Amino acid sequence: MKIINIIAYFKERFPPVHILLFAIVFFTAYSVASYFSIQPIHIGIKELTGVIAAISFFFRLRVFDEVKDLQIDNINHPGRVLQSGRISLKQLFIISAILSVFELLWSYWNGPATMICWLVALGYSILMRYEFFVSSFLKPRLFLYACTHMLIMPLIMLWVWSAYNQNLLHPSLYFLGALSLFGGFCFELARKIHAPDAERSTVDSYSQSIGYKRSIVCVLLFLLGGVFVQYYLLHSIQSHFWAYLTICLLYLLTCLLYAAMVKHPQEKKLRLAELFVSLFMLVSYLSIIIETQLRL
C-alpha cells in the first residue's frame, strides 16, 4: 500500500473539500445540540475525535459506493486510481476499518444513547451497501434509489446530536435532520443533471431517468424545502438578519440560473448551478454554526 496512491485516491474520490464539508456537518449538529443543551459545551479533544469519527463514517459510505459501482466504473472511468489498480478495494477497507475505530471510541465515550444511534446509522449504511437486498428493483428507479440512500443523513445528525443533547424528541433535531436530507438530496440531484448533448448511455442521470425539466423542478422544490427548514432553525436560535438574507439570495440566484437553462440547457451552466446548490448547503450549515457559537 503506497502512500502516494492513497493520497491520489483521496484527492480523486474523497478530496479535502469533501472532508471539510463533513467536518462542518458534524459541527452543525454539535452546535444546535449544544445550543439547546442545559450545560454549555466547549470544543475539545472529544469534539476533534468526533470530527474524525464523522469523516470516517462518510468515507466508509464512499468505499461502499466503490464496491456497488465497481463494474460500471471500470467501463466509464478506467483511469481512476481504483480502476487502474493503483489501490485495491481490500486496501480501502483496511483504511476504513482503521478509521472506524474512532467511531467506536467516540460513540462509547459519549454513552449508551450515542452508541445505539451509531449502531442504527451503521446498520442502515450496511443495508445501503447491499441496496436493501432489492438491487434489481431499486437500480432502474434512480429517484427512489436516492430517496432510500439519503435517509442516512438524518441518522448521522441523530448520532452526533445524541452526544451533546439527550433530548432525542427535540423539534430542532428533526428540522436539523430535514435540513441535511434536503441539502444532500439537492446536491445529489444537481450533480446528475446533464444537458442532452452531454448524456452518456452508461452513466445514470436524473435528466435521463425522470426528465430534464422535471429534474430541475425537483432540485428547486427540495431547495425551497431547505429554505423553510433553515428559516425555522435560524428563528429557533434567534439568528441575525444576515443569515436569513443570505439564504434567500442564494435560493433566488439558483432559481434564476436554472430558469435560464430550462429551454436552453448548457452543461457548463449546469455545473455552475451545481456549485450554487453546494454553496447553498455550505452556507446553511455555516450560518447555523456561526449564530449558535456567538450565543454560547
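The values are calculated or read from the model by the stated rules, or taken from the named source; none is laboratory data. Quick caveat, the model's predicted, so the values are computed rather than measured. For neighbour counting, all protein chains shown are included, and Cβ atoms are generated from backbone atoms with ideal geometry for every residue, glycine included.
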How many residues, within region 258-281, are part of a helix (DSSP H, G or I) and surrounded by 17 or more Cβ atoms within 10 Å (Cβ to Cβ)?
9
Among helices (runs of 4 or more DSSP H) entirely within region 75-143, at least 2 residues that are touching a residue at least 60 places away in the same chain (Cβ under 8 Å) and not hydrophobic (A, V, I, L, M, F, W, C) occur in 112-129
Residue under question is A97, and the condition is that it be under 23 Å from the mean Cα position of the chain (by Cα) and crowded, with 16+ Cβ neighbours inside 10 Å; does it hold?
no
Test: residue in region 156-163 that is farther than 24 Å from S100 by Cα and either in a helix (DSSP H, G or I) or outside the structural domain of V63 (by TED's automatic domain parsing) (or both):
no
Suppose the filter is more than 20 Å from Y285 (Cβ to Cβ), of a type outside the set (A, V, I, L, M) and modelled with pLDDT of 95 or more; does F57 pass it?
no
Residues of region 82-110 satisfying the condition of being among the hydrophobic types (A, V, I, L, M, F, W, C) and touching a Leu at 6+ places or on another chain (Cβ under 8 Å)
L82, L89, L92
Verdict on I216 being among the β-branched types (V, I, T) and crowded, with 20+ Cβ neighbours inside 10 Å
yes
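One line per residue, one yes/no per condition, for (1) outside any helix (DSSP H, G or I); (2) closer than 30 Å to I75 by Cβ:
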{"site": "A178", "(1), (2)": "no, no"}
{"site": "G184", "(1), (2)": "no, yes"}
{"site": "E188", "(1), (2)": "no, yes"}
{"site": "D197", "(1), (2)": "no, yes"}
{"site": "S201", "(1), (2)": "yes, yes"}
{"site": "K213", "(1), (2)": "no, yes"}
{"site": "V217", "(1), (2)": "no, no"}
For the subset of region 15-63 comprising residues that are part of a helix (DSSP H, G or I) and without any contact (Cβ under 8 Å) to a residue 12 or more places away in the chain, which member is farthest from the chain's Cα centre (by Cα)?
I45
Before we move on, is I156 of a type outside the set (G, A, S), surrounded by 20 or more Cβ atoms within 10 Å (Cβ to Cβ) and modelled with pLDDT of 95 or more?
yes
So which of G177, G184 ends up being within 21 Å of the chain's Cα centre (by Cα) and at pLDDT below 95?
G184
